[in-house]
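Undergrad: I have a structure I would like to understand better, so I am pasting it below and will then ask my questions one at a time.
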Amino acid sequence: MGEISNPSLQEADFDLSQFHGVFFEEAGENLANMESALLEINVAAPGIDELNAIFRVAHSIKGGAATFGFADVTELTHELETLLDKLRRHELTLHAQMVDVLLEAGDVVKSQLARHQGVTDVVPDTSDLVARIRILAAGRLLDEAAPPVIEAGGARSLRLRVGPLADTAAADGLAELFRDIPALGSCEAVDGGVLSPEGWREFKLQTESPDGELIELFSFHVSREQVLIQPWADAAMAVAPVAAAAAPVAAAQEGEGYGFFVDPAQLPVAAAPEPAPVARAKASPDKGAALESTTLRVGVEKVDTLINLVGELVITQAMLTQQAKALDPVAQAALLAGIVDLERNTRHLQEAVMGIRMIPMAFVFNRFPRMLRDLAAKLGKQIELKTVGEATELDKGLIEKIVDPLTHLVRNSADHGIETPAERVAAGKPAHGTITLSAAHQGGSILIEVRDDGAGLSRERILKKALERGLPVREDMSDAEVWALIWEPGFSTADQVSDVSGRGVGMDVVRKNIAALNGSAEIDSAAGLGTRVSVRLPLTLAIMDGMSIGVDGDVFILPLGSVVESFQVAPGMVKQVGATGRVVHVREEYLPVVTLAEAFGAAVGPGDEGSIMVLVEADGGRAALRVDELIGQHQVVVKNLESNYRRVRGVSGATILGDGRVALIIDVAALVKRVRH
């Protein structure tokens, strides 16, 4: 006979790898949420919602990994699921060792997922980790000796409690199992065949079968949560000790399993301290909600395409507005009204679309508690992390690029800033130090601060290191100038290189990375009080508010966030310094003058008196830009000049004006830096 093909089956055979991206993204978010929950959980009195949410993370990753055939992930998460299932059902009491092992397991799962993504080819060894998880799941701590194990093979007398039940039918089904499968042993009712007032049925079992196998069979009639198994001789003992003693038996006989259900009514009063009902009712739902996300997943490339199209729409709308200025406002009243509506709606659409790319700073802040926890243990310090303004939003492109600089700043605060507990107590401080991460909107930018209450920077030590490196220093330098030496390439005050810091690389890279984002960074410190590093970034790199200025007939754009004020030069305000330098006197301060026409090779107008200057600020410095005219303020769509043309000194990008002309966006930080040197 010829081969018969089934078209419908062929059509149904599809490649599951197309769904890998969604699984890896969800797994990454789930692991991050689980880590946050473990770091915040109250070990003495964990909330049931917290334990359930952490269990769901392991269960979800296990299910997805099994679907895609990631056996190593499935095996490890199965062990985690077993431990977490016993914790959420109160068969085990949460211990700090469990939190440590769960955090370590989360790191290993991340490594396993990275290998399946092709990011690395390293295969993590999980044998030791799995062994420790099983010890904890068996009800023992890692430093405790194993209790004697009851070997399978001999008949055991067990007490079986089932409930609460609505009727006796399900319990009768369990007794039927023993009659239908004689090898199971015998089952004898000890309650007269009736439900207790609480809805329970009790049986005495004689069996050689492991407890895990019994529970698997019983699950066809009742749920696992309704089953409680105890050794018959220990039936009068409290439930918690029985569960702790019996769990190792099940683990030894089965190597896995669901253990035993603990009736909360039988728990001894002092078994686990319960928090106040009000506190739990308030905290638990919030945590549960935090671990469950209701979001629509859309590819970043689709969002970028949408933003680009909205940017083109903004340019088109600006062109229409420009052309409409020449129309008769009376004869074309309806058309002009429509253009005004278009401008308003375009603005709202633009803000809404830009909001899609905005991500809360919590996305960045949430990775630091775990890092600081490990760092504090490594350095022998006590460090508390405080976060402020986690809901402050920043563009996704900036979020991804600011993570590394902030990580370096936080590590520096932990290593160089926070003292050891003994040093802090000797200085009259609390034994634990505090590192604060804060984020807040200020105008058209976002201000991110990394603060610590450590020893602060040592002026003498920095000057000494600077002299050793041959940097130009002097004794009368201001504190701000001394702190700025830290940004120099290769500068480090660490006495020895460690795996935390001290290699002399990082701070200059931090500043360069921040400057590449059109941002700035400043350091402030006080001896004995601590250090603060302030990072200022634009909210987005795609669309910004700008001030259009005229220079020799051309239009340039100044980022509005850098503009302090504009003024007309009065006689005597501008002074000559040296052969070519000039400064302008503004509010008891002399600021360097930059003539934009001269900077960009255009014709320079006569004299400074009566001209217009714009005071700008960047990187902690100020300068006065001489311009020919101020045209107005409006939003501009930023275009990358380097990718479309080439890099131009003093220019950070370009935009298209309403009349179709291209206007260059001035790099204020570069101009300020130029006049400084």
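Undergrad: Tell me the residue from Arg159, Arg140, Arg179 that is surrounded by fewer than 16 Cβ atoms within 10 Å (Cβ to Cβ) and at pLDDT below 85, please.
TA: Arg179
Undergrad: Of everything in the range 634-677 that's touching an Asp or Glu at 6+ places or on another chain (Cβ under 7 Å) and in a strand (DSSP E or B), which residue is modelled with the highest pLDDT?
TA: Ranking the qualifying residues of the range 634-677, first place goes to Val651.
Undergrad: Tally time: how many residues in the range 636-659 are in contact (Cβ under 8 Å) with a residue 40 or more places away in the chain, crowded, with 19+ Cβ neighbours inside 10 Å and closer than 18 Å to Ser562 by Cα?
TA: 5
Undergrad: Considering the range 560-596 alone, what residues qualify as being of a type in the set (Gly, Ala, Ser), open to solvent by 40 Å² or more (accessible area, probe 1.4 Å) and within 11 Å of Leu615 (Cα to Cα)?
TA: Listed by number, the list holds a single entry, Ser566.
Undergrad: Right, next: Tell me which residues, restricted to the range 310-330, are open to solvent by 80 Å² or more (accessible area, probe 1.4 Å) and closer than 13 Å to Asn345 by Cα.
TA: None - no residue of the range 310-330 is open to solvent by 80 Å² or more (accessible area, probe 1.4 Å) and closer than 13 Å to Asn345 by Cα, so the list stays empty.
Undergrad: Moving on to the next point. Considering only residues of the range 560-578 that are under 34 Å from the mean Cα position of the chain (by Cα) and part of a strand (DSSP E or B), which is farthest from Gly650 (Cα to Cα)? Steps first, answer last, please.
TA: In the first step, residues of the range 560-578 are kept if they are under 34 Å from the mean Cα position of the chain (by Cα); the result is 560-564.
Restricting the remaining residues to those that are part of a strand (DSSP E or B) gives 563-564.
On the way: Val563: 16, Val564: 19 Å.
Taking the candidates together, the pick is Val564.
Undergrad: Still on this structure, please answer the following. Out of the range 618-635, which residues are among the basic types (Lys, Arg) and crowded, with 21+ Cβ neighbours inside 10 Å?
TA: Arg626
Undergrad: Here's something else I'd like to know. All but one of (1) at pLDDT 85 or above; (2) open to solvent by less than 50 Å² (accessible area, probe 1.4 Å) hold for Asn42; state the number of the condition that does not hold.
TA: Condition (2) is where Asn42 drops out.
Undergrad: Among the listed residues Ala272, Ala331, Ala318, Ala281, which satisfies the condition of being in a loop (DSSP other than H, G, I, E, B), modelled with pLDDT under 85 and either more than 30 Å from Asn30 (Cα to Cα) or among the hydrophobic types (A, V, I, L, M, F, W, C) (or both)?
TA: Only one candidate qualifies: Ala272.
Undergrad: Are any residues in the range 390-436 assigned to a loop (DSSP other than H, G, I, E, B) and either open to solvent by 50 Å² or more (accessible area, probe 1.4 Å) or more than 23 Å from Ala515 (Cβ to Cβ) (or both), and if so, which ones?
TA: Glu390, Ala391, Ile418, Glu419, Thr420, Ala427, Gly428, Lys429, Pro430, Ala431, His432
Undergrad: Could you please find all residues in the range 353-371 being open to solvent by less than 60 Å² (accessible area, probe 1.4 Å) and in a helix (DSSP H, G or I)?
TA: Scanning the range 353-371 gives Val353, Met354, Gly355, Arg357, Ala362, Val364, Phe365, Phe368, Pro369, Arg370, Met371.
Undergrad: Filter the range 184-218 down to residues that are open to solvent by less than 40 Å² (accessible area, probe 1.4 Å) and part of a loop (DSSP other than H, G, I, E, B) and give me whichever is nearest to Ala169 (Cα to Cα).
TA: Once the filter is applied, the top-ranked residue is Gly193.
Undergrad: Please specify each residue of the range 353-384 satisfying the condition of being under 14 Å from Val410 (Cα atoms), among the aliphatic types (A, V, I, L, M) and under 12 Å from the mean Cα position of the chain (by Cα).
TA: Those that are under 14 Å from Val410 (Cα atoms), among the aliphatic types (A, V, I, L, M) and under 12 Å from the mean Cα position of the chain (by Cα): Val364, Met371.
Undergrad: What number of residues within the range 109-123 are modelled with pLDDT of 90 or more and either closer than 17 Å to Pro46 by Cβ or of a type in the set (Gly, Ala, Ser) (or both)?
TA: Selection size over the range 109-123: 0.
Undergrad: In the range 606-622, how many are touching a residue at least 40 places away in the same chain (Cβ under 8 Å) and in a loop (DSSP other than H, G, I, E, B)?
TA: The total comes to 5.
Undergrad: Which of the residues belonging to the range 446-487 are buried (at least 19 other Cβ atoms within 10 Å of the Cβ) and not in a helix (DSSP H, G or I)?
TA: Selection gives Ile446, Ile448, Glu449, Val450, Arg451, Asp452, Asp453, Gly454, Ala455, Leu457.
Undergrad: Specify the residue that is most open to solvent (accessible area, probe 1.4 Å); the eligible residues are those in the range 523-559 that are closer than 30 Å to Asn412 by Cβ and in a loop (DSSP other than H, G, I, E, B).
TA: Of everything passing the filter in the range 523-559, Leu529 is most open to solvent (accessible area, probe 1.4 Å).
Undergrad: May I pose another question? Residue under question is Leu80, and the condition is that it be assigned to a helix (DSSP H, G or I), among the aliphatic types (A, V, I, L, M), modelled with pLDDT of 85 or more and surrounded by fewer than 20 Cβ atoms within 10 Å (Cβ to Cβ); does it hold? Before you say what the answer is, go through the steps one by one.
TA: Values: assigned to a helix (DSSP H, G or I): yes; among the aliphatic types (A, V, I, L, M): yes; modelled with pLDDT of 85 or more: yes; surrounded by fewer than 20 Cβ atoms within 10 Å (Cβ to Cβ): no.
So Leu80 fails the test.
Undergrad: A follow-up question, please. Any idea which of (1) assigned to a loop (DSSP other than H, G, I, E, B); (2) modelled with pLDDT of 85 or more is the one Gly106 doesn't satisfy?
TA: Here Gly106 meets the rest and fails (1).
Undergrad: Taking Gly519, is it among the small types (Gly, Ala, Ser), touching a residue at least 12 places away in the same chain (Cβ under 8 Å) and surrounded by fewer than 21 Cβ atoms within 10 Å (Cβ to Cβ)?
TA: Numbers: among the small types (Gly, Ala, Ser): yes; touching a residue at least 12 places away in the same chain (Cβ under 8 Å): yes; surrounded by fewer than 21 Cβ atoms within 10 Å (Cβ to Cβ): no.
No; evaluated as a whole, the condition is false for this residue.
The values are calculated or read from the model by the stated rules, or taken from the named source; none is laboratory data. Owing to the predicted nature of the structure, the values given are computational and were not obtained by experimental measurement. When we count neighbours, we look across all protein chains shown, and the Cβ atoms used for this are built from the backbone with ideal geometry, even at glycine. Just the protein is used for accessible areas: all its heavy atoms, side chains included, with ligands, DNA and RNA removed. Shrake-Rupley method; radii C 1.70, N 1.55, O 1.52, S 1.80 Å.
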